[in-house]
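Below is a structure I'd like to ask you about.
The values are calculated or read from the model by the stated rules, or taken from the named source; none is laboratory data. Being a predicted model, the structure only gives us computed values, none of them experimental. FYI the Cβ positions are ideal-geometry reconstructions off the backbone, even for glycines, and counts take in every protein chain you see.
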Amino acid sequence: MTRFFSSEPLSLRRMSPGVKALVLANVAVFVVSVIAGGEFVRLFGLVPRQVLQERWVWQPFTYMFVHGGFLHLLFNVFMLWMFGMTIEAQWGTREFLKFYFVCGLGVALVKVALWPYSAIPLIGASGAIFGLLVAFAMLYPESVVYLYFFIPIKAAHMAILCGAIEFFMMLGQGNGGVDHFAHLTGLGVGYLYIRWWWVLKVRVKSAWSGLAAPEAKPRRPARPSRAAQPEPERPASMEDVDRILDKILAKGLDSLTPAEREVMRRYSDRMKH
């Protein structure tokens, strides 16, 4: 089934908490950078040589909020709003923000590891934004996105197309101001986090919950009453949960049947208690 998303006009009042916080932070840092001038980028952009030699360890965090111009900021804020609202609604604010910063920090660590002596600053939230793009495509692969506001394309195809474009632009990259390798790294980190680490985390938590849960004491069977008693719900087994998680990651939430959604609801209730 193809899924269509519609959004209200770009408004802070209607934004989800995580997206709103990130938008405000990016705008505030941009205003400060305009007032402070070019030295601001050297101090708070990601310069691998400074991170390693001068121990400017804040740069892998701060570079995500520094932008080189208004259009750079506007594009990233728009993409953050476009994909982040849906992802935050699905995952919750805490998991959404964690994923966002994992993608941004992942880009920074790869950049520092591969180019440790580089003095060229990396700025902008694009790496984290590309992580959101691949997350949206994996959650809702059949949903329709309008590329360049006119061309309808499925989210999964758009992620693949964007990855291919960034790859070929990286091969021909000269001294331009766009770091296409950082964009590709954001895609890769986002994919690996969702495809492997997120599933592993859910399984470990589930296993720990099962080990830590106290054994129920045997009870005497209750005498049946005259009124009909509802049949107790069967607890969700980990085999069912694992299969459904793999299906979500492969085909998206829309592929789940009502029975599979009910299994995940019972599993969620069990984890809460």
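Take the conditions assigned by TED's automatic domain parsing to the domain that holds Ala21, loosely packed, with under 15 Cβ neighbours inside 10 Å and of a type outside the set (S, T, N, Q) and apply them to Ala89. Does it pass?
yes
Output the residues belonging to segment 34-69 that are buried (at least 17 other Cβ atoms within 10 Å of the Cβ) and outside any helix (DSSP H, G or I).
Listed by number, the residues that qualify are Gly45, Leu46, Val47, Trp56, Val66, His67.
Quick check on segment 144-152. Is at least one of its residues under 18 Å from the mean Cα position of the chain (by Cα) and crowded, with 19+ Cβ neighbours inside 10 Å?
Among the residues of segment 144-152, at least one is under 18 Å from the mean Cα position of the chain (by Cα) and crowded, with 19+ Cβ neighbours inside 10 Å, which makes the answer yes.
A follow-up question, please. I'd like to know if segment 167-174 contains one or more residues that are closer than 24 Å to Lys247 by Cα and either touching a strand residue (DSSP E or B) at 6+ places or on another chain (Cβ under 6 Å) or surrounded by fewer than 17 Cβ atoms within 10 Å (Cβ to Cβ) (or both).
no
Turning to a different aspect of this structure: Restricting the search to segment 45-74, which residues are in contact (Cβ under 8 Å) with a residue 24 or more places away in the chain and aromatic (Phe, Trp, Tyr)?
Phe61, Tyr63, Phe65, Phe70
Counting only residues that are crowded, with 19+ Cβ neighbours inside 10 Å and over 18 Å from Gly106 (Cβ atoms), how many does segment 130-143 have?
Here the count works out to 4.
If you take the residues in segment 95-126 that are within 11 Å of the chain's Cα centre (by Cα) and touching a residue at least 60 places away in the same chain (Cβ under 8 Å), which one is farthest from Phe44 (Cα to Cα)?
Phe96
So Val110 clears everything in (1) within 27 Å of Lys247 (Cα to Cα); (2) out of contact with any strand residue (DSSP E or B) (no Cβ under 8 Å at 6 or more places or on another chain); (3) surrounded by fewer than 24 Cβ atoms within 10 Å (Cβ to Cβ) except one condition, right? Which one?
For Val110, the exception is condition (1).
For residues that are modelled with pLDDT under 75 and assigned to a helix (DSSP H, G or I), scanning just segment 1-33, find the one that is surrounded by the most Cβ atoms within 10 Å (Cβ to Cβ).
So the residue we want is Leu12.
Would you point out which residue out of Val110, Val145, Val178 is at pLDDT 85 or above, closer than 29 Å to Val66 by Cβ and hydrophobic (A, V, I, L, M, F, W, C)?
Val110
Which one of these is closer than 20 Å to Tyr193 by Cα and in contact with a Phe, Trp or Tyr (Cβ under 6 Å, 6 or more places away or on another chain): Ala128, Ala108, Ala137?
Ala128
Looking at Leu122, is it closer than 16 Å to Thr185 by Cα, crowded, with 20+ Cβ neighbours inside 10 Å and touching a helix residue (DSSP H, G or I) at 6+ places or on another chain (Cβ under 9 Å)?
yes
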